[in-house]
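Enquirer: If you scroll down you'll find the structure; I have some questions about it.
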Amino acid sequence: MRLTLSARATLMISSAAMAIVLTSRPLRADGESLSRPQTSLSTGFRFTEQSGEQLFASSCQGCHMPDANGATGAGAYPSLAKDRNLEAAGYPVTVIVRGQKAMPPIGMMMSDDQVAAVVNYLRTHFGNEYSDAVTADDVKRVRP
Ligand code: HEC
């Protein structure tokens with residue numbers, strides 16, 4: 001089969017375009033970056049607040065609301081008030097440092113002490129009454 005010059009040019013251009021599309025696909029082949037689109041955070045930013053209350057205000061209430069009751073709208077942000085899932089202290093620590101579905105691993109931008117502070121604050125406020133405090137060491141063990 002003979003191709004006209006312009007058909008050949010079109011073929012070349014479209015294969016070049018395909019190469020760009022292929023090389024700009026995520027490098028990970030396991031689909032991880034596709035199934036967790038909202039969990040990538042820009043690096044470098046660190047929260048400076050130290051108290052659990054301040055950290056909750058700066059890093060959690062934007063999604064979970066100031067009263068921790070959560071919200072539904074563009075996404076579903078679960079209520080953290082009277083939350084029985086917080087009973088096992090390791091659970092909120094894990095969610096915060098590793099992320100979970102649409103919850104970003106926001107603990108990546110905090111020290112172990114800061115994560116412990118915000119978890120301890122959350123587990124003793126908003127109708128949560130879990131007084132067994134987590135420590136910075138507990139957080140360190142869960143870090144990815
Ligand atoms: C960008 C929005 C966003 C921010 C910021 C955020 N969360 Fe979340 N969080 C979510 C979403 C969405 C879920 C539900 C995840 C799922 O589907 O499992 C969630 C789930 C959780 C859960 C699990 C609740 C349960 O009952 O299972 C905890 C605990 C939690 N978040 C705590 C926090 C804390 C503490 C902070 C601040 C340090 C925080 N989140 C910041 C969006 C956010």
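Rule-based calculations on the coordinates, nothing more; no lab input. All figures in this text were calculated on a predicted structure; none of them were measured in a lab. Here the Cβ is made from the backbone with ideal geometry for all residues, glycine too, and neighbour counts use every protein chain on show.
Enquirer: Cα centroids of region 46-93 and region 102-127: how far apart, whole angstrom?
Expert: 8 Å
Enquirer: Residue 61 versus residue 49, label points 7 Å from Cα toward the beta carbon: distance in nm?
Expert: Using points 7 Å along Cα→Cβ, the separation is 0.7 nm.
Enquirer: Taking Rh as the Kirkwood radius computed over C-alpha pairs, what is the Stokes-Einstein D of region 46-144 at 20 °C in a medium of viscosity 1.002 mPa s, expressed in µm² per second?
Expert: On the way: Rh = 13.2 Å.
It comes out at roughly 162 µm²/s.
Enquirer: Can you order the peptides 89-96, 66-73, 123-130 by their average number of other Cβ atoms within 10 Å per residue, highest first?
Expert: Working: 89-96: 19.5, 66-73: 12.8, 123-130: 16.6.
Packing order, densest peptide first, comes out as 89-96, 123-130, 66-73.
Enquirer: Using amide H atoms built in the peptide plane, which far-off residues or other-chain residues are under 5 Å from residue 71 H to H?
Expert: Correct list: 77.
Enquirer: Which of 108, 65 comes first, and how do the rest follow, when ranked by fewest Cβ neighbours within 10 Å? Don't jump to the answer; show the numbers that get you there.
Expert: Numbers: 108 18, 65 15.
So the ranking, lowest neighbour count to highest, is 65, 108.
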